[in-house]
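The values are calculated or read from the model by the stated rules, or taken from the named source; none is laboratory data. Small disclaimer: the values here were computed from a predicted structure and weren't measured. Cβ placement follows ideal geometry from the backbone for every residue including glycine, while neighbour counts extend to all protein chains displayed. Keep in mind that these areas ignore ligands, DNA and RNA; they rest on the heavy atoms of the full protein, side chains included. Shrake-Rupley method; radii C 1.70, N 1.55, O 1.52, S 1.80 Å.
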Amino acid sequence: MTITGNLSTMPAYYQDAYLSELTTAIREFRKDDRGIWYVFDDTIFYPRGGGQNSDTGFINGCRVSDVRKTSDKVWHLLDKQIVNPVQMRLDWESRYANMQQHTGQHIISSVCAKQFDWQTVSVHLGRTETLIELECGTIDENSLQQVENYSNELVRSAEPVSAIFVKREELQKYNLRREIKVTDEMVRLISIGEADITGCGGTHVKNTAEVGIIKLIDYEKIRNHIRLKALVGNAAYRYFEALHRQVQSAIRSLSCGIEDIADNISSLLEEQKSLKRQLKDIKTRWLNLLSENLQADADRIVILTDRMETADAIQLSAHWVKTKQRPCFLIFPGEKQNQFVFRLPEKDQRDLREVLKKLSEEFSFRGGGDKKLVQGIIGSREPDEAFRRNISDLLQKQGF
Ligand SMILES: [Zn+2]
């Protein structure tokens, strides 16, 4: 056996069942806003259907982005025009992922039906996630774990997966998992050893062992049913790879073992909560002290030189008006620009919006608020001595 590491090439093991390359010819085509849809004399591409994604691959070097079936025609979507002869090449990695996923879905549906009497209502096989809607009102973690365990047991038991065609009138001879409603003369059945048999037109692996692993990652309530979210085969492997990278990064940051990650995060969050509380207390005390020690000079305004958060300035102004019972006109450097917070004591009946309007007209103040509290930014101008005097004069004219 030669191992190439190239997952896009179909292994010899499958070459009796599927074609990975085909030479054919164009039969018809039509254009729409997604591209050009072609029908060929023959195809190796499986169309979207039965919850399964369509195959991808290349036709004359162009990527096949979608394959759909309408009555007896299979339409292939390309983004460029092509000419005969037509050379098709299947993306085996993507096809094989679909085969694993679809077989995994049969396994999960079979376990749910046989062990729990939960019939499958609908399935959706996404590019990575497998969604299975079950006739089941509620589910608990224990049952979920059991579904996963039984499913992986069936994977490991390496049961053959076979497709057979039977006549419609002979269907009652088979112990089908779910009733089949079809009008076709011949019906395709997929069996998993003695464990399961059901009607399906999709693509599957030859043996359950090829599914590799089934991981149930979540569930949700939907239309009085439960919808399971599963990862199958390669998709599960990629999930574990990503999970492993995250866990490695976490244990390096936390300097702990895998089993201690959750406890470490809980302790850190607790510590953070406590530090936030302490910081808030210290900040309040600092702002109150600052407010008590600041004096509005003869010009009525307090201009701070240290950077301050707007929320802190608002808190400071609240303490100021409460303790001094005088208006607070505070100018301070903010994140990017100089900012202001003006506040009046409760008893003061004047309207700060009038003051702000004047300041906006004559200087570059921009902001808003209500009668008692306004805040905003002061353009790019530095609050130098001349600026201070100008503002002070304006405040005086306004009666402050
Ligand atoms: Zn199937």
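Being more than 45 Å from the chain's Cα centre (by Cα) and either open to solvent by less than 70 Å² (accessible area, probe 1.4 Å) or not assigned by TED's automatic domain parsing to the domain that holds Asn390 (or both), is that true of even one residue in segment 308-315? Outline the logic, then answer.
Going residue by residue through segment 308-315, those that are more than 45 Å from the chain's Cα centre (by Cα) are none.
Scanning segment 308-315 turns up no residue that is more than 45 Å from the chain's Cα centre (by Cα) and either open to solvent by less than 70 Å² (accessible area, probe 1.4 Å) or not assigned by TED's automatic domain parsing to the domain that holds Asn390 (or both).
Looking at segment 16-57, which of the residues that are among the charged types (D, E, K, R) and closer than 19 Å to Gly126 by Cβ is modelled with the lowest pLDDT? Break it down into steps so the answer makes sense when it comes.
Here is the first cut: in segment 16-57, the ones among the charged types (D, E, K, R) are 16, 21, 27-28, 30-34, 41-42, 48, 55.
Narrowing the set further to residues that are closer than 19 Å to Gly126 by Cβ leaves 48, 55.
Values: Arg48: 89, Asp55: 92.
Checked segment 16-57; the qualifying residue modelled with the lowest pLDDT is Arg48.
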Test of understanding: among Gly57, Gly49, Gly35, which residue is closer than 27 Å to Ile214 by Cα and either of a type in the set (Lys, Arg) or more than 16 Å from the ligand (Cβ to nearest atom) (or both)? Gly57
Leu125 passes all but one of (1) under 22 Å from Tyr14 (Cβ atoms); (2) more than 23 Å from the chain's Cα centre (by Cα); (3) in the same structural domain as Ile217 (by TED's automatic domain parsing); which number fails? (2)
Please report, ordered by residue number, the strands (runs of 3 or more DSSP E) entirely within segment 37-108 with at least 2 residues that are surrounded by 14 or more Cβ atoms within 10 Å (Cβ to Cβ) and hydrophobic (A, V, I, L, M, F, W, C). 57-59, 62-64, 73-78, 86-90
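Out of the residues in segment 353-400 meeting the condition of being polar (S, T, N, Q) and in a helix (DSSP H, G or I), tell me which one is nearest to the chain's Cα centre (by Cα). Reasoning before the result, please.
In the first step, residues of segment 353-400 are kept if they are polar (S, T, N, Q); the result is 360, 364, 375, 380, 390, 392, 396, 398.
Keeping just the survivors that are in a helix (DSSP H, G or I) gives 360, 390, 392, 396.
Working: Ser360: 45, Asn390: 54, Ser392: 54, Gln396: 57 Å.
Checked segment 353-400; the qualifying residue nearest to the chain's Cα centre (by Cα) is Ser360.
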Go through segment 220-240 and count every residue that is touching a helix residue (DSSP H, G or I) at 6+ places or on another chain (Cβ under 8 Å) and either within 16 Å of the ligand (Cβ to nearest atom) or at pLDDT 95 or above (or both). 5
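Give segment 155-185 a look and list any residue that's of a type in the set (A, V, I, L, M) and either within 15 Å of the ligand (Cβ to nearest atom) or open to solvent by 90 Å² or more (accessible area, probe 1.4 Å) (or both), or say none. Explain how you work it out, then say what you get.
In the first step, residues of segment 155-185 are kept if they are of a type in the set (A, V, I, L, M); the result is 155, 158, 161, 163-164, 166, 171, 176, 180, 182.
Val161, Ala163, Ile164, Leu176, Ile180, Val182 - these are the residues of segment 155-185 that are of a type in the set (A, V, I, L, M) and either within 15 Å of the ligand (Cβ to nearest atom) or open to solvent by 90 Å² or more (accessible area, probe 1.4 Å) (or both).
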Filtered residues of segment 335-356 (kept if open to solvent by 10 Å² or more (accessible area, probe 1.4 Å) and under 17 Å from Thr305 (Cβ atoms)): Glu335, Lys336, Gln337, Asn338, Gln339
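Of the residues Glu185, Glu133, which is over 25 Å from Asn98 (Cβ atoms) and either of a type outside the set (S, T, N, Q) or touching a helix residue (DSSP H, G or I) at 6+ places or on another chain (Cβ under 8 Å) (or both)? Don't jump to the end; show me each part of the working.
Values: Glu133 fails: over 25 Å from Asn98 (Cβ atoms).
Only one candidate qualifies: Glu185.
What number of residues within segment 139-154 satisfy the criterion of being among the acidic types (Asp, Glu) and open to solvent by less than 70 Å² (accessible area, probe 1.4 Å)?
Going residue by residue through segment 139-154, those that are among the acidic types (Asp, Glu) are 140-141, 148, 153.
Adding the requirement that they be open to solvent by less than 70 Å² (accessible area, probe 1.4 Å) leaves 148.
Residues flagged as among the acidic types (Asp, Glu) and open to solvent by less than 70 Å² (accessible area, probe 1.4 Å) within segment 139-154 amount to 1.
If you go through segment 25-36 one residue at a time, how many are open to solvent by 70 Å² or more (accessible area, probe 1.4 Å) and part of a strand (DSSP E or B)? Even if it seems obvious, please write down each step before you answer.
Kept after step one, since they are open to solvent by 70 Å² or more (accessible area, probe 1.4 Å), are these residues of segment 25-36: 27, 29-31, 33-34.
Subsequent filtering for residues that are part of a strand (DSSP E or B) retains 27, 29-31.
Result for segment 25-36: 4.
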With the condition kept exactly as written, say whether any residue in segment 71-83 is basic (Lys, Arg), more than 16 Å from the ligand (Cβ to nearest atom) and within 24 Å of the chain's Cα centre (by Cα). no
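Inside segment 245-269, can you point out the residues that are open to solvent by 80 Å² or more (accessible area, probe 1.4 Å) and either assigned by TED's automatic domain parsing to the domain that holds Asn149 or charged (D, E, K, R) (or both)? So that I can check it myself, show each step before the final result.
Step one: of segment 245-269, the residues open to solvent by 80 Å² or more (accessible area, probe 1.4 Å) are 245-246, 252-253, 255, 258-259, 263, 268-269.
Answer for segment 245-269, where residues must be open to solvent by 80 Å² or more (accessible area, probe 1.4 Å) and either assigned by TED's automatic domain parsing to the domain that holds Asn149 or charged (D, E, K, R) (or both): Arg245, Arg252, Glu259, Asp263.
Only one residue in Asn234, Asn207 is in contact with a Pro (Cβ under 8 Å, 6 or more places away or on another chain) and either basic (Lys, Arg) or touching a residue at least 12 places away in the same chain (Cβ under 8 Å) (or both). Which one? I'd like the intermediate steps shown before the answer.
Numbers: Asn234 fails: in contact with a Pro (Cβ under 8 Å, 6 or more places away or on another chain).
Sole residue among the options that is in contact with a Pro (Cβ under 8 Å, 6 or more places away or on another chain) and either basic (Lys, Arg) or touching a residue at least 12 places away in the same chain (Cβ under 8 Å) (or both): Asn207.
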Before we move on, is Gln398 in contact with a helix residue (DSSP H, G or I) (Cβ under 9 Å, 6 or more places away or on another chain), surrounded by 16 or more Cβ atoms within 10 Å (Cβ to Cβ) and within 23 Å of Gln295 (Cα to Cα)? no
Looking only at residues in segment 109-118 that are assigned to a helix (DSSP H, G or I) and buried (at least 22 other Cβ atoms within 10 Å of the Cβ), which one is nearest to the ligand (Cβ to nearest atom)? Ser109
